[in-house]
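The values are calculated or read from the model by the stated rules, or taken from the named source; none is laboratory data. It should be emphasised that the depicted structure is a prediction, and the values quoted were computed from it without experimental measurement. Here the Cβ positions follow ideal geometry from the backbone for every residue, glycine too, while neighbour counts run over all protein chains shown.
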Amino acid sequence: MKIKRIFAAGMFLAISVPWLWGCGKQQSAEPIKVHVGVACYNQSDTFISELLACFREEVNELGAAATIRDGAGSQRVQNDQVKELIDAGCNVLCVNLVDRADPSEIIDLARENDIPIIFFNREPVAEDLKQWDKLYYVGADAKQSGVMQGELAADRIKSNSQADRNKDGKIQYVVLEGEPGHQDAIIRTENAVNTLRSNGIEMEKLSYGIANWNRAQAQNRMQQIIGKYQNQIELVLANNDDMALGAIDAYEKLNFTENALPIFFGIDGTDDGLKAIVDSKLAGTVYNDKEGQAEAMARLAVTIVQEGTEGQAGEEKYIYLPYEKVTSENVRNFMAPKKSESNTGS
Ligand code: BGC
Ligand code: CA
């Protein structure tokens, strides 16, 4: 797939500002009130709940309204919620699919009612996004996050001779994976491991666990893996921060001493993930730009309601926000309320 990095806040701003703050002096018509219906796959997901908090702020700033519904892991429930949101008068939808391979019912509902959809975080397959011209996606490039995680781990291993604790010239590692079928699970794992290898690190996979992005499940899986491999594990690569934190919880629960601990890496830069870097528990993470994604979703929603989907806003269906590497050296930059102006260049 050809990734187009088209995020250009300036563009959205240029389109939106006259409508929003132009005081209506030259404009005769009142701008259409934007009411966004948001359907998320599971609000107890840490990253999603933090992303939605950012989204609420962005929507408020733009003078729009949002109604958020939680599919709680059921596609059928989510389909009904989308119908309710449409019936309640939402004029644009933001949908975080439960099953990213099953958007057809939602697309049909939206098309019948001529309500555009911005999918986010859980990427529909390309063919589905082609089903109708009023479908968009806001997210990030899974491959980039995997590569960055691999680079962070390679740097750390090369600069720290203690990383290969048993001095056998190889790094014994475990992977904690997100939901099977999610675009960010397999792709992150593959790219992280391949990047380590291409950086000259010899890797030995001891085990893996599927923990569905979830901290408690990761702790559970990790305790089982530790039960088998004891202090042989030198590196834990987790597909997200919550699972890296769950792995750290497992070691804490089992009272491992610091010199028997592996190095842990996550992805996201959630509040707890960043704190774990400050506390030197997590070696690094890859920032999943929730502020940038929230801003892109909100601006696109306002633009397509008020400007229509033709013209500039209609040209690009994908918006991918770049990831960034986070270590103890730069973690503070990510902890202050972060706006995405650093991502608007080029
Ligand atoms: C995030 C995970 C999150 C998942 C939900 C991923 O992009 O990294 O933390 O659980 O999206 O779909
Ligand atoms: Ca080793």
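Given L97, L135, which one is at pLDDT 95 or above and within 28 Å of E190 (Cα to Cα)?
Residue meeting the stated conditions: L97.
For segment 36-51, which positions are within 22 Å of I107 (Cα to Cα) and surrounded by fewer than 22 Cβ atoms within 10 Å (Cβ to Cβ)?
Across segment 36-51, the qualifying residues are N42, Q43, I48.
Is it the case that A211 is touching a helix residue (DSSP H, G or I) at 6+ places or on another chain (Cβ under 6 Å), within 13 Å of ligand 1 (Cβ to nearest atom), at pLDDT 95 or above and closer than 18 Å to L261 by Cβ?
Spelling it out, it is not the case that A211 is touching a helix residue (DSSP H, G or I) at 6+ places or on another chain (Cβ under 6 Å), within 13 Å of ligand 1 (Cβ to nearest atom), at pLDDT 95 or above and closer than 18 Å to L261 by Cβ.
Take S207 and decide whether it is under 26 Å from the mean Cα position of the chain (by Cα) and within 16 Å of ligand 2 (Cβ to nearest atom).
Answer is yes for this residue.
What's the number of the only condition in (1) touching a helix residue (DSSP H, G or I) at 6+ places or on another chain (Cβ under 9 Å); (2) at negative phi that G269 fails to meet?
(2)
For residues that are under 19 Å from the mean Cα position of the chain (by Cα) and under 19 Å from Q293 (Cβ atoms), scanning just segment 60-92, find the one that is nearest to ligand 1 (Cβ to nearest atom).
The selected residue is G71.
Yes or no: A8 at pLDDT below 95, exposed (fewer than 14 other Cβ atoms within 10 Å of the Cβ) and of a type in the set (G, A, S)?
no
Could you look through segment 263-289, keep only residues that are of a type outside the set (V, I, T), part of a loop (DSSP other than H, G, I, E, B) and within 18 Å of R188 (Cβ to Cβ), and pick out the one that is nearest to ligand 1 (Cβ to nearest atom)?
N288
Only one of these is in contact with a Leu (Cβ under 7 Å, 6 or more places away or on another chain) and closer than 19 Å to G169 by Cα: I233, I201, I226. Name it.
That would be I233, the only listed residue that is in contact with a Leu (Cβ under 7 Å, 6 or more places away or on another chain) and closer than 19 Å to G169 by Cα.
Any residue in segment 275-298 that's in contact (Cβ under 8 Å) with a residue 24 or more places away in the chain: show its pairings with residues that are part of a loop (DSSP other than H, G, I, E, B) and among the polar types (S, T, N, Q) at Cβ separation under 6 Å, as long as the two are six or more apart or on different chains.
I277/S328; G284/T327
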